[in-house]
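Read the figures in this text as sums done on the coordinates, not as results from a lab. The structure displayed is predicted, hence computed values, not measured ones. FYI the Cβ positions are ideal-geometry reconstructions off the backbone, even for glycines, and counts take in every protein chain you see.
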Amino acid sequence: SEYAREVLMSMPDSQELNLLHAHVCQALSDPTRLQILYALNEQPRNVTALAKTLDIPQSTISRHLAVLRQRSLVSSQRNGMAVTYTLSDGRVIQVLDLMRDVLRDILNQQSQVVS
């Protein structure tokens with residue numbers, strides 16, 4: 001039934017949560033990777049452009065892109081010597097923005113408690 005499916009969707013089992021953690025949450029656990037995702041959300045870029053935009057060494061960008069590519073959060077397209085990276089699924093930015101909203105609300109609540 002529809003109700004049973006909703007309950008199952010709202011209560012993930014431990015195997016699904018372990019997969020979510022291993023494939024998505026760990027990839028999102030580094031602020032540099034989050035910056036890369038936001039930059040790629042603006043437009044596809046190569047490593048050099050990402051390094052310049054984020055003011056981060058190319059070797060660091062490449063290392064983080066490897067993780068994001070491995071977890072299928074970004075995809076790459078080779079054009080001759082150039083490799084351009086794109087966001088695989090724009091919903092990841094929606095998720096990050098929602099988490100930022102939650103953070104803002106938490107910080108507002110905490111500041112009101114302190115006041």
Gaussian network model of the chain, springs between alpha carbon atoms under 10 Å - residue of Gln70, Gln15, Gln35 with greatest fluctuation: Gln15
Go through Ile106, Leu50, Val92 and say which Cα lies farthest out towards the positive end of the charge dipole of the chain; charges sit on Cβ, +1 for Lys and Arg, -1 for Asp and Glu. Leu50
Pairs of alpha-carbon atoms within less than 8 angstrom and 6+ residues apart define the contacts here; what relative contact order does the stretch 7-70 have, in percent? 28 percent
Dividing the mean separation of Cα pairs under 8 Å (6+ apart) by the residue count of the chain yields a relative contact order in percent of 22 percent
Can you list the DSSP H helices in the chain whose Cα atoms extend at least 20 Å along the helix axis and whose mean Kyte-Doolittle hydropathy is -0.5 or higher? 91-114
Could you identify which residue out of Ser29, Ser72, Ser62 has the top mean-square fluctuation in a GNM of the chain using Cα springs shorter than 10 Å? Ser29
Using modelled backbone amide H atoms (1.01 Å from N, in-plane), which distant-in-sequence or interchain residues come within less than 5 Å of Arg45's amide H? Tyr85
Could you calculate the contour length gain from Asp101 to Thr32, that is, 0.36 nm times the residue separation minus the distance between their Cα atoms, to one decimal place in nm? 22.9 nm
Option label - semi-axes √(5λ) of the Cα gyration tensor in Å computed here, alternatives (i) 30, 22, 12; (ii) 27, 17, 12; (iii) 18, 16, 15: (i)
Across 5 Å bins beginning at 0, the whole-percent shares of Cα-Cα pair distances in the stretch 68-115 come to 5, 18, 14, 15, 12, 9, 9, 7, 6, 3, 2, 1
Rank Leu65, Gln35, Leu17 by how far each Cα sits towards the positive end of the charge dipole of the chain (+1 on Lys, Arg Cβ; -1 on Asp, Glu Cβ) and give me just the farthest. Leu65
Taking amide H positions as placed in the peptide plane 1.01 Å from N, state which residues far from Ser88 in sequence (5 or more) or on other chains have amide H under 5 Å from it. Val74, Ser75
Highest-fluctuation residue, Leu87, Leu17, Leu37 considered, GNM on the chain with Cα pairs under 10 Å: Leu17
Dipole magnitude (debye, nearest 20) for the chain, charges at Cβ of Lys, Arg, Asp, Glu: 600 debye
Lys and Arg at +1, Asp and Glu at -1: add these up for the other residues within a Cβ distance under 14 Å of Arg63 and post the number. +2
